[in-house]
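The structure under discussion appears below in the form of structure tokens.
The values are calculated or read from the model by the stated rules, or taken from the named source; none is laboratory data. Since the model is a prediction, treat every value here as computed from it, not as a measurement. Note: ideal-geometry Cβ built from the backbone for every residue, glycine included; neighbour counts use all protein chains shown.
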Amino acid sequence: MDEKWVLQWFNDVWSKADSSRLQVLASDPFHFHVPGGKSYLLSHKEYLNFITVWGQRFKDVTFRIVDTVKDGNKTVVIYQCHALYCGGWAKIPTKKQKVMMTGMAFFKQQDGKIVDCRLEDSSFDLYQQLTHRLE
């Protein structure tokens, strides 16, 4: 599988909760790891529920791939994300505020499908952008 799957993951799965693209790109179920070390074995339906809730909190999402590193069946992607915050995250009130997030996603593939997705993101910085509590 060539690297266009990376763009499809961010632009179709993460930005649009595209179930048909998720079926093509990821095993069902697959492991999803979040910052802080928690790991979940999620079905496509469960993962799309998570992505859909995220999409309600952050609208007009655009991703920019900063760098990609591939080693065998492992791929690391450094990304930037711009979005409009619409409320519902970490009990922060709705502000309709533009935010920028960064992160790294580690993907492990087996038989051409993602079996592991590990996410490390800039939640701390996002919190700062929305609350200005740490200035």
Restricting the search to region 1-48, which residues are in a helix (DSSP H, G or I), surrounded by fewer than 17 Cβ atoms within 10 Å (Cβ to Cβ) and among the hydroxyl-bearing types (S, T, Y)?
-> S19, S20
How about region 51-60: which of its residues are surrounded by 15 or more Cβ atoms within 10 Å (Cβ to Cβ) and closer than 21 Å to F30 by Cβ?
-> I51, W54, G55
Tell me which residues, restricted to region 89-106, are at pLDDT 95 or above, in contact with a Leu (Cβ under 9 Å, 6 or more places away or on another chain) and surrounded by 15 or more Cβ atoms within 10 Å (Cβ to Cβ).
-> V99, M101, G103, M104, A105, F106
Among the residues of region 50-68 satisfying the criterion of being out of contact with any strand residue (DSSP E or B) (no Cβ under 8 Å at 6 or more places or on another chain) and of a type in the set (S, T, N, Q), which is farthest from F106 (Cα to Cα)?
-> Q56
Tell me, which residue of region 78-110 that is charged (D, E, K, R) and free of Cβ contacts under 8 Å to residues at least 24 places away in the same chain is farthest from K16 (Cα to Cα)?
-> K91
Scanning region 15-50 for residues that are closer than 17 Å to Q80 by Cα and either touching a Cys at 6+ places or on another chain (Cβ under 7 Å) or without any contact (Cβ under 8 Å) to a residue 60 or more places away in the chain (or both) gives S15, K16
Within region 60-73, the residues that are of a type outside the set (V, I, T) and either part of a loop (DSSP other than H, G, I, E, B) or closer than 20 Å to L22 by Cβ (or both) are F63, G72, N73
Output yes when any residue across region 59-82 is out of contact with any Gly (no Cβ under 7 Å at 6 or more places or on another chain), at pLDDT below 95 and among the small types (G, A, S), and no when none is.
-> no
